[in-house]
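The block underneath contains the structure these notes are about, expressed in structure tokens.
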Amino acid sequence: MLNNEEILQRDYIEKLKEIVSKKKAELGRDLTCQVTTFGCQMNARDSEKILGILLAAGYVETQSDDADFVIYNTCTVRDNANQRVYGRLGALKSHKKKNPNMKIGLCGCMMQEPSVIEKIKTSYSFVDLIFGTHNIFKFAELMVRMLENDQKVYEVWEGTQEIVEDLPIERKYFFKSGINIMFGCNNFCSYCIVPYVRGRERSRKPEEIVEEIKKLVADGVVEIMLLGQNVNSYGKNLDNPISFAKLLEMVEEIEGLERIRFMTSHPKDLSDELIETMKKSKKICHHMHLPLQSGSSKILSVMNRRYDKEHYLELVKKIREAIPDIAITTDIIVGFPGETYEDVLETIDVIKKAQFDNAFTFIYSKRTGTPAAEMPNQVDEETVKKHFDMVLSTVQDMAKERTARFNGQTVDVLVEDINEQDSEYLDGRMSHNTVVHFKGSKDLIGKIVNVKLTNFHGFYYDGELV
Ligand code: SAH
Ligand code: SF4
Ligand code: F3S
């Protein structure tokens, strides 16, 4: 059943439709839109909501920068994400001069920072629409306000308790989808801005999640990714508390659904119950993304991660004992305040012991407002670079060696796309999340097929359909 807000927003979509069709008649052409996503899977899912509403209102999607409506869904987890947005915005200004109908919108995590809004007001005042992460469900309403009165609308909320989900969505892939199971984060890792821009943790009710997945499956989805900043603490704050493992068991029951993934797991909350559920499951993929951040217990403590090196390695051991072929991937930050050469050696030691299939390595980025930004012992750039190269080369050697272990095996692969370089080839993904290229026809896209892995290329396989 739709809630009141969902009914209201659907009315606004109808209004937006009228405005768009009037404008189309006036111009004698279609109105185009471009939605660009920065950041994580959660932002990608939000962008599908934005595009869903734009298409429902009659816009036509384009990749081009001279669209009638361009919106950037921004990320602020590291400063380089912010810089890319400012760079792209600068380039949009000249397009806007040429097309008087053009409107520019910004949303997402960067918009939750007051200093960003100030900067846009002074240096990028040609932006027409701004909203944040908490009022994204008001998108249709804000569009109507902007277009009806031809005015700028800048509206960012500090927080919300509302969960508004049942609105049009345009999925990027017909056969796989992300689904939000929770919003926000309560962990306050000392380097991280996410809790400030996404607010406190809120879980959706399990019945609603199951209902949405059933609809997706009826619509052709075979693989689902359950999304949250810390899925292992899912359900703890619901009126009827439930564990993440229990939710997975409910999702497993959904007929027609073939693969289940989830992101992200926080090591401090990963339970034995979850490992047991994964072991029993026929649908949960054999991949776990388990961010380490640092291998040094001293640094982990200052990061406020609430586990140490030994606990992390113990978890990895338990997971591998239960699911021997599982692929474990991770995130690592290099250059956190106070990190020494010895701390970096600890991180390298964990990489070698944990045998990651892959690791995303990030240079620490100082985020205003976080405790780490105030710490006096920031590491100088040159030292960070040296440490980063050490970690990166260890990760690369490890990933190559580890992932190669599947060579020669026949595995199930979800076919995702035609290969960009050679249209006779397809790209698919193993349960372990590794990409496989093989010859086949595009009718197979969205299907799970058996592929023999014949050749390993460092981070992907060649294979043959069997
Ligand atoms: N909720 C997830 C991570 C979300 S952010 C978790 O806790 O695992 C994705 C990754 O960005 C993090 O795992 C971390 O490695 C990195 N990251 C976050 N803040 C950062 C910062 N200030 N500088 C560099 N990397 C950062
Ligand atoms: Fe950031 Fe930590 Fe929350 Fe992940 S768990 S989003 S790193 S505060
Ligand atoms: Fe970035 Fe926001 Fe995701 S800051 S990583 S887009 S939650």
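Data for the structure
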quantity: Sequence ranges 190-199, 359-368, ranked by mean other-Cβ count within 10 angstrom, highest first; calculated: 190-199, 359-368
quantity: Coarse-grained scattering of the range 150-252 at q = 0.10, 0.14, 0.18 Å⁻¹, given as base-10 log I(q)/I(0) from a Debye sum over alpha-carbon atoms; calculated: -0.34, -0.64, -0.96
quantity: Debye log10 I(q)/I(0) at q = 0.17, 0.21, 0.24 Å⁻¹ for the range 358-453, Cα point scatterers; calculated: -0.81, -1.00, -1.18
quantity: Sequence ranges 376-384, 12-20, ranked by mean other-Cβ count within 10 angstrom, highest first; calculated: 12-20, 376-384
quantity: The chain: radius of gyration over Cα atoms, expressed as a fraction of 2.2 N^0.38 Å; calculated: 1.01
quantity: Normalised convex hull volume, the range 6-51, alpha-carbon set, Å³ per residue; calculated: 67 Å³
quantity: Principal axes of the range 295-419: Cα extent on each, largest first, Å; calculated: 53, 35, 26
quantity: The range 70-113 pair-distance distribution - Cα-Cα, 5 Å bins, rounded %; calculated: 5, 21, 30, 21, 12, 8, 2
quantity: Ordering of 99-112, 56-69 by packing [mean C-beta count within 10 Å, highest first]; calculated: 99-112, 56-69
quantity: Column: log10 I(q)/I(0), Debye, Cα scatterers of the range 115-168, q = 0.14 Å⁻¹; calculated: -0.42
quantity: For the chain, size of Cβ-based charge dipole, Lys and Arg +1, Asp and Glu -1, in debye; calculated: 540 debye
quantity: Volume in Å³ per residue [convex hull over Cα atoms, computed for the range 1-141]; calculated: 110 Å³
quantity: Relative counts (whole %) of C-alpha pair distances in the range 58-195, using bins that are 5 Å wide; calculated: 2, 8, 17, 21, 21, 16, 10, 4, 1, 0
quantity: Rg ratio (alpha-carbon, reference 2.2 N^0.38 Å) - the range 224-322; calculated: 1.12
quantity: Unmatched cysteines, the chain - criterion: no other Cβ of a Cys under 4.7 angstrom; calculated: CYS33, CYS40, CYS75, CYS107, CYS109, CYS185, CYS285
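No value in this document is a laboratory result; all are computed from the given coordinates. Quantities reported herein were computed from a predicted structural model and do not represent experimental measurements. Please note: Cβ atoms are built from the backbone with ideal geometry, for glycine as well, and neighbour counts cover all protein chains shown.
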